[in-house]
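The values are calculated or read from the model by the stated rules, or taken from the named source; none is laboratory data. Here the structure is a predicted model, which is why all the values come from computation and not from measurement. Heads up, the Cβs are rebuilt from the backbone with ideal geometry, glycines too, and the neighbour counts pull from every protein chain shown.
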Amino acid sequence: MPTPFERLLPKLQELTDIGSACALMSWDQAVMMPPAGAAQRARALSTLQGLLHDRLTDPAIGELLAELEASGDEDLDVQASVRVLRRDHDRATKIPGRLVRAIAEAEGLAYQAWTEARPAADFRLLQPHLERLFGLKKEEADALGWEGERYDALLDNFEPGMTTAEVEAMFSSLTQGLVPLAHEVLDAAGPAPEVLSREFDPDIQMRFCDRLAQALGFDNDRGRLDTSPHPFTIGIHSGDVRQTTKADPKDLLLSVYALIHETGHALYEQGLPERMADLPAGRVPSLGLHESQSRMWENQVGRSRAFTDFLLPLLKEQFPDQLGMMAPEEWYRAVNHPQRTLIRVTSDELTYNLHVALRFELEIALFRDALEVSDLPEAWNDAMAEKIGLRPPSDADGVLQDMHWAMGAIGYFPTYTLGTLYAAAFFDAALRDLAGLMDDLRRGDGSRLLAWLREHIHRYAFHMPAKELGEQVLGGPLTPEPFLAYAREKYTALYL
Ligand code: ZN
């Protein structure tokens, strides 16, 4: 007689396989697909996602879950998977099919409107779609249920276990410390170094990126690197992790630092236990934790003086004409040059979180009915002037710059900053545990750091909520202090 878990396993494998097909088709959509394939691909993806939803809400899964909960299986992977699947199953079951379809349709229309509104710099093209979508997302939050406030339910999609109140308190103490520091540094930093606008052959950039990813521990037998307009990483399956970067002849730092960032995500995916590949708990527990890995490799490692000293001679070999005369100090300053910009994705380590804070504040204001969608552009511009000190000349460089809201990704933005805060705090813990870590990085050797991350974070997958895992690593709750201390020390030495 098969155990309840043995009866559940084929259903889990089916969920994994449909999920893999969705992931592969999404990867292909962003990397390979010819433009004329778009409409059919969107339909095929929505068909498969519907299928996934049907399978996940299958009452038979609910029955097997109840049996497993009653039987108390002793295997820790099974216990964690029962908790995660219970959560996924209940959440999927609570949202009526009518609402799932209405949201999918509204997201498709809003995204389409966004692709037209941004080049036209005309928010009015997007506004009615966002109004509908935010309305539906409020319905979704109410269907899922919440205790503190509505936004909690959506935040929970991306950062399970974290509440709006906690995140709001974190942002508030972060911005209190960060705003004065950022403006003092920005005023002192001056214009961008000229070297960054020289020409760098994109093919040479890509070959360099491929070698750099492998040097950091990315396993090419279990993944690939390609190019796409928006760099990203997606796990197709445990043996197949895809990452992309983007090579712009006018911007060497873009390809190299997007690569280091995405490699951080990819190393996490490649570090998840293979035995859990088909299990609900075999995945990364939150977007904030995912982002902690990418930000740590990109910033604490990649933008450190030790690592930039390692990178420069290698880049000089590839680009002797452009970089031959560059001194290590000059290169380190170029890599860490802060600048007031209107655009989040091109902003630096210091101001990035102010861009995120702005989005988070607007999202919760919308969800608390303290702001109307029609007032978003004005509210955005006011907040940008207050936080960054620039006023967008048009909505294209203001409220229309990100696709997230038009894609229904509400509750997503704060995870970028949670990732930044976790990155700094985790790296401090690694520095305490690993004597001589910065000397490793000066040689380009991240292997001891990677082994530490595997041991303390990756191997747990979703055995516990991200918040709990974070506390286990840090010995206490996450605070913005390690990040603020890191930023203060680094940028004071650089510019003040
Ligand atoms: Zn990322």
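Listed here are the residues, each with its yes/no results for (1) within 16 Å of the ligand (Cβ to nearest atom); (2) in a helix (DSSP H, G or I); (3) hydrophobic (A, V, I, L, M, F, W, C).
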{"site": "ALA357", "(1), (2), (3)": "no, yes, yes"}
{"site": "GLU361", "(1), (2), (3)": "no, yes, no"}
{"site": "ASN381", "(1), (2), (3)": "no, yes, no"}
{"site": "LEU431", "(1), (2), (3)": "no, yes, yes"}
{"site": "ALA435", "(1), (2), (3)": "no, no, yes"}
{"site": "MET438", "(1), (2), (3)": "no, yes, yes"}
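The single residue among VAL185, VAL167, VAL100, VAL179 that is hydrophobic (A, V, I, L, M, F, W, C), surrounded by 15 or more Cβ atoms within 10 Å (Cβ to Cβ) and under 30 Å from PHE5 (Cβ atoms) turns out to be VAL100. When you check GLN243 against the structure, is it without any contact (Cβ under 8 Å) to a residue 40 or more places away in the chain and either among the basic types (Lys, Arg) or within 12 Å of the ligand (Cβ to nearest atom) (or both), yes or no? Yes.
The residue of the stretch 98-119 that is farthest from ASP156 (Cα to Cα), among those that are touching a residue at least 40 places away in the same chain (Cβ under 8 Å) and among the small types (Gly, Ala, Ser), is ALA117.
When we screen LEU350, LEU362 for residues that are surrounded by 14 or more Cβ atoms within 10 Å (Cβ to Cβ), out of contact with any Cys (no Cβ under 6 Å at 6 or more places or on another chain) and farther than 23 Å from PHE134 by Cβ, the only hit is LEU350. Taken over the stretch 442-484, the criterion of being more than 24 Å from GLY282 (Cα to Cα) and either surrounded by 15 or more Cβ atoms within 10 Å (Cβ to Cβ) or in contact (Cβ under 8 Å) with a residue 12 or more places away in the chain (or both) is satisfied by ARG442, ARG443, GLY444, ASP445, GLY446, THR479, PRO480, GLU481, PRO482, PHE483, LEU484. Looking only at the stretch 246-256, residues that are free of Cβ contacts under 8 Å to residues at least 40 places away in the same chain and either farther than 21 Å from ASN299 by Cβ or charged (D, E, K, R) (or both) come to 1 in all. Whether a residue is within 16 Å of the ligand (Cβ to nearest atom), of a type outside the set (Asp, Glu) and touching a residue at least 40 places away in the same chain (Cβ under 8 Å) was assessed, and LEU259 passes this test.
Name every residue in the stretch 383-405 that is modelled with pLDDT of 95 or more, outside any loop (DSSP other than H, G, I, E, B) and not aromatic (Phe, Trp, Tyr), in order of residue number. If the condition is that a residue be modelled with pLDDT of 95 or more, outside any loop (DSSP other than H, G, I, E, B) and not aromatic (Phe, Trp, Tyr), then ALA383, MET384, ALA385, ASP395, ALA396, ASP397 are the ones that fit.
Restricted to the stretch 246-255, and to residues there that are out of contact with any strand residue (DSSP E or B) (no Cβ under 8 Å at 6 or more places or on another chain) and not in a strand (DSSP E or B), the residue that is nearest to the ligand (Cβ to nearest atom) is LEU253. Under 7 Å by Cβ, and 6 or more places apart or on different chains, what pairs join a residue from the stretch 308-326 that is loosely packed, with under 14 Cβ neighbours inside 10 Å and part of a loop (DSSP other than H, G, I, E, B) with one that is at pLDDT 95 or above and of a type outside the set (Gly, Ala, Ser)? Listed by first residue and then by second, the contacts come to GLY324/LYS316. Among the residues that make up the stretch 284-301, is at least one of them more than 19 Å from HIS404 (Cβ to Cβ), away from the ligand (no atom under 16 Å from the Cβ), of a type outside the set (Val, Ile, Thr) and touching a helix residue (DSSP H, G or I) at 6+ places or on another chain (Cβ under 8 Å)? No, the stretch 284-301 contains no residue that is more than 19 Å from HIS404 (Cβ to Cβ), away from the ligand (no atom under 16 Å from the Cβ), of a type outside the set (Val, Ile, Thr) and touching a helix residue (DSSP H, G or I) at 6+ places or on another chain (Cβ under 8 Å).
Exactly one residue out of LEU196, LEU212 is assigned to a helix (DSSP H, G or I) and either surrounded by fewer than 19 Cβ atoms within 10 Å (Cβ to Cβ) or among the β-branched types (Val, Ile, Thr) (or both): that is LEU196.
What tally of residues in the stretch 210-222 results from selecting those that are closer than 22 Å to LEU24 by Cβ and within 16 Å of the ligand (Cβ to nearest atom)? Of the residues in the stretch 210-222, 2 are closer than 22 Å to LEU24 by Cβ and within 16 Å of the ligand (Cβ to nearest atom). The number of residues in the stretch 256-290 that are out of contact with any strand residue (DSSP E or B) (no Cβ under 6 Å at 6 or more places or on another chain) and part of a helix (DSSP H, G or I) comes to 19. Contact map, the stretch 412-424: residues that are within 11 Å of the ligand (Cβ to nearest atom) paired with residues that are not in a helix (DSSP H, G or I), Cβ distance under 8 Å, separation 6+ or inter-chain. Pairs shown: THR415/GLU159; THR415/SER286. For ALA141, the conditions (1) modelled with pLDDT under 95; (2) within 25 Å of LYS467 (Cβ to Cβ) are fulfilled apart from (1). The set of residues in the stretch 223-240 being surrounded by fewer than 18 Cβ atoms within 10 Å (Cβ to Cβ), within 12 Å of the ligand (Cβ to nearest atom) and either without any contact (Cβ under 8 Å) to a residue 40 or more places away in the chain or on the phi > 0 side of the Ramachandran plot (or both) is empty.
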